[in-house]
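Working notes, beginning with the structure itself.
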Amino acid sequence: MAGPTGTQGLIDKVAWLRVEDGRILSTRSHGKDVYYLPGGKREPGESDVQTLVREVAEELTVTIMPETVTPAGTFEAQAHGQPAGVRVRMSCYTGDYVGALAPSSEIAELAWLTYADRERVSPVDQLIFDELHAAGELQ
């Protein structure tokens, strides 16, 4: 059986980093006990920006403005809830949006988290929290 994205042992995802007032936007899916940054896996032929726009629209009912999207780093760690050795690589982007944020689709809840919430997010998100905190962006 092939790996999660066709590459054995690596889940390749795109994520939206939205930080406001020292807090980062995170989501929790139905039936999950940890928070994740909004985003998801690419569909065949999609660019990172197209994936970001589609996933955020599906999860949070807002539209990312493609012309404002800026790369914010790539992070890799053990994938939460997956067997040991299965890693996730997150290509992260910032970007402005239009619309009102609201949980949709598989999302049960959205939350604005601080560094104190670090233990409530997936391992790869913990790396992102560490970097944002060290840069003074996450309180």
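Within the range 24-57, being assigned to a loop (DSSP other than H, G, I, E, B), under 21 Å from Thr94 (Cβ atoms) and touching a Lys or Arg at 6+ places or on another chain (Cβ under 9 Å) holds for Leu37, Pro38, Arg42, Glu46. Close Cβ contacts (under 6 Å, 6 or more residues apart or on different chains) running from residues in the range 31-56 that are closer than 20 Å to Val124 by Cα and without any contact (Cβ under 8 Å) to a residue 60 or more places away in the chain to residues that are buried (at least 16 other Cβ atoms within 10 Å of the Cβ) and among the small types (Gly, Ala, Ser) comprise Gly39/Ala15; Asp48/Ser91; Glu55/Gly39; Glu55/Gly40. Cβ-Cβ contacts under 8 Å between residues 6 or more apart (or on different chains), taken from a first residue in the range 92-103 that is over 14 Å from Thr63 (Cβ atoms) to a second residue that is among the aromatic types (Phe, Trp, Tyr), are listed as Cys92/Trp16; Cys92/Phe75; Tyr93/Trp16; Thr94/Trp16. Among the residues of the range 1-23, what is the count of those that are buried (at least 16 other Cβ atoms within 10 Å of the Cβ), assigned to a loop (DSSP other than H, G, I, E, B) and either modelled with pLDDT under 95 or not aliphatic (A, V, I, L, M) (or both)? Looking only at that region, the number is 2. Restricting the range 99-123 to residues that are of a type in the set (D, E, K, R) and not in a loop (DSSP other than H, G, I, E, B), the residue that is nearest to Val34 (Cα to Cα) is Arg120. State yes or no: is Val14 touching a His at 6+ places or on another chain (Cβ under 9 Å), in contact (Cβ under 8 Å) with a residue 60 or more places away in the chain and among the aliphatic types (A, V, I, L, M)? Answer is no for this residue. Would it be correct to say that Val88 is in a strand (DSSP E or B), under 23 Å from Leu10 (Cβ atoms), at pLDDT 95 or above and touching a strand residue (DSSP E or B) at 6+ places or on another chain (Cβ under 9 Å)? Taking the combined requirement at face value, the residue satisfies it. Residues in the range 58-74 that are outside any strand (DSSP E or B), among the hydrophobic types (A, V, I, L, M, F, W, C) and under 13 Å from the mean Cα position of the chain (by Cα): 1 in all. Would you confirm whether any residue within the range 75-82 is under 15 Å from the mean Cα position of the chain (by Cα), surrounded by 16 or more Cβ atoms within 10 Å (Cβ to Cβ), at pLDDT below 95 and not hydrophobic (A, V, I, L, M, F, W, C)? Yes, that holds for at least one residue.
The values are calculated or read from the model by the stated rules, or taken from the named source; none is laboratory data. All values reported here derive from a predicted model rather than from experimental measurement. Heads up, the Cβs are rebuilt from the backbone with ideal geometry, glycines too, and the neighbour counts pull from every protein chain shown.
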